[in-house]
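In what follows, a structure is listed as structure tokens, so that the remarks can point back to it.
Please treat every number below as a calculation from the coordinates, not as lab data. Computed from a prediction, not measured in an experiment: that's the story for all the values here.
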Amino acid sequence: MLQDDGYVVRFGDTSLGLLSASKNVTEVDVYNFPLLGETSSNLLDVEASANVSRYGQKTRVRVNFERKITTREGQWVDAPQVNNAKFYQEFFAKVDKELFIESEGL
């Protein structure tokens, strides 16, 4: 699902249930990913880390997103966590849809 959403998976280990991915945000984003008042010469990547684990009969999915802001020269500016509830709600709705499609064999 992350790859379908434009993320590049940097690391994944199914036996550990770990995943790390990122994508470059180049346009004004509907999830309010401003460059924190910095100039438009900065670059913005959204980085995701996920952990999937069994929890009794269920599966627990924990995902964290952060905005990594750097200058075009590669200097780090900031890396605040994404705290937008709508962003996470829509992310998990996409995960739910993907799981349904997979379970139905579509």
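Run the numbers for ASP78 and ASP13: contour at 0.36 nm per residue of separation, minus the present Cα-Cα distance, in nm. The partial results should precede the final answer.
Working: separation 65, 0.36 × 65 = 23.40 nm, distance 2.76 nm.
That pair, ASP78 and ASP13, stretches by 20.6 nm at full extension.
Could you give the length gained on full extension between ASP96 and LYS58, defined as 0.36 nm per residue of separation minus the Cα-Cα distance, in nm?
Numbers: separation 38, 0.36 × 38 = 13.68 nm, distance 1.38 nm.
Separation in residues times 0.36 nm, less the Cα-Cα distance, equals 12.3 nm.
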